[in-house]
Amino acid sequence: MSYPLHTLLHRTAHSQQNYLRPYLRRLGLSPGQPKVLRSLELLGVCSQRELAELCGVDPAAISRTLERMERAGLLTREASASDRRTGQVRLTEQGHRAFRAWEAECAALEERMFSGFSPAERAQLAGYLTRAWHNMGGRLPEDLAGREKR
C-alpha cells in the first residue's frame, strides 16, 4: 500500500515527536522552546519580534514562552540600548547547555531515522524539505537578510 506524501510526512513527524517528547520533559522544556533555543544559539541576541517571526507565533505567545524560559534560567531579556521599546533576548549558559543536550538527542534520532541513507541522500532530503517549508512561508534564522550574529 502506498501512502500520499502528506500522510508520510505527518506520520514521520508524529513518530519523531513521540521519540523526543520524554527527552523534552527531562530537560524541562516545553514543545515550542527548542525553536527559541536554536534561534538564539544561531543569532546570539535577538529581539522578541524576530523570535516571534522565526518561531511562527504571535508576539503574545512568544512573550509567554520567553517568560517561562527566563524563569527557568534559560535566557535573559533586557531593553535594547538603541530602542528602549525593543526587548533583546540572549541565552544564559544554562540555555546553551540545554540547547547542546537537545541537539545531541536530535542527532541520535536522526541517526536512527536515516540509517541506511547515504550522505548525499540526506542532503537531498534536507534540500527538498527546506524548499517545501519555504514554499509554505517558513523562515530560518539565516533568512534574516544581512543579519550577523550579535
Restricting the range 60-80 to residues that are out of contact with any helix residue (DSSP H, G or I) (no Cβ under 9 Å at 6 or more places or on another chain) and in a helix (DSSP H, G or I), the one surrounded by the most Cβ atoms within 10 Å (Cβ to Cβ) turns out to be 70
Scanning the range 23-59 for residues that are under 10 Å from the mean Cα position of the chain (by Cα), part of a helix (DSSP H, G or I) and small (Gly, Ala, Ser) gives 39
Within the range 111-150, of all residues that are exposed (fewer than 13 other Cβ atoms within 10 Å of the Cβ), at pLDDT 90 or above and of a type in the set (D, E, K, R), the one nearest to the chain's Cα centre (by Cα) is 131
#### Entry: Filter result for residue 90 (open to solvent by 50 Å² or more (accessible area, probe 1.4 Å), farther than 25 Å from residue 112 by Cα, in contact (Cβ under 8 Å) with a residue 40 or more places away in the chain and not in a helix (DSSP H, G or I))
yes
Those residues of the range 94-104 which are surrounded by 13 or more Cβ atoms within 10 Å (Cβ to Cβ) and under 14 Å from the mean Cα position of the chain (by Cα) amount to 95, 96, 98, 99, 101, 102, 103
If we ask which residues in the range 32-60 are farther than 19 Å from residue 17 by Cβ and touching a residue at least 12 places away in the same chain (Cβ under 8 Å), their number turns out to be 15
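The values are calculated or read from the model by the stated rules, or taken from the named source; none is laboratory data. What you see is a predicted model, and the numbers here were worked out from it, not measured in a lab. Backbone-built Cβ (ideal geometry, glycine too); neighbour counts: all protein chains shown. Each accessible area value is taken on the protein alone, full model and side chains, heavy atoms only, with ligands, DNA and RNA left out. Shrake-Rupley method; radii C 1.70, N 1.55, O 1.52, S 1.80 Å.
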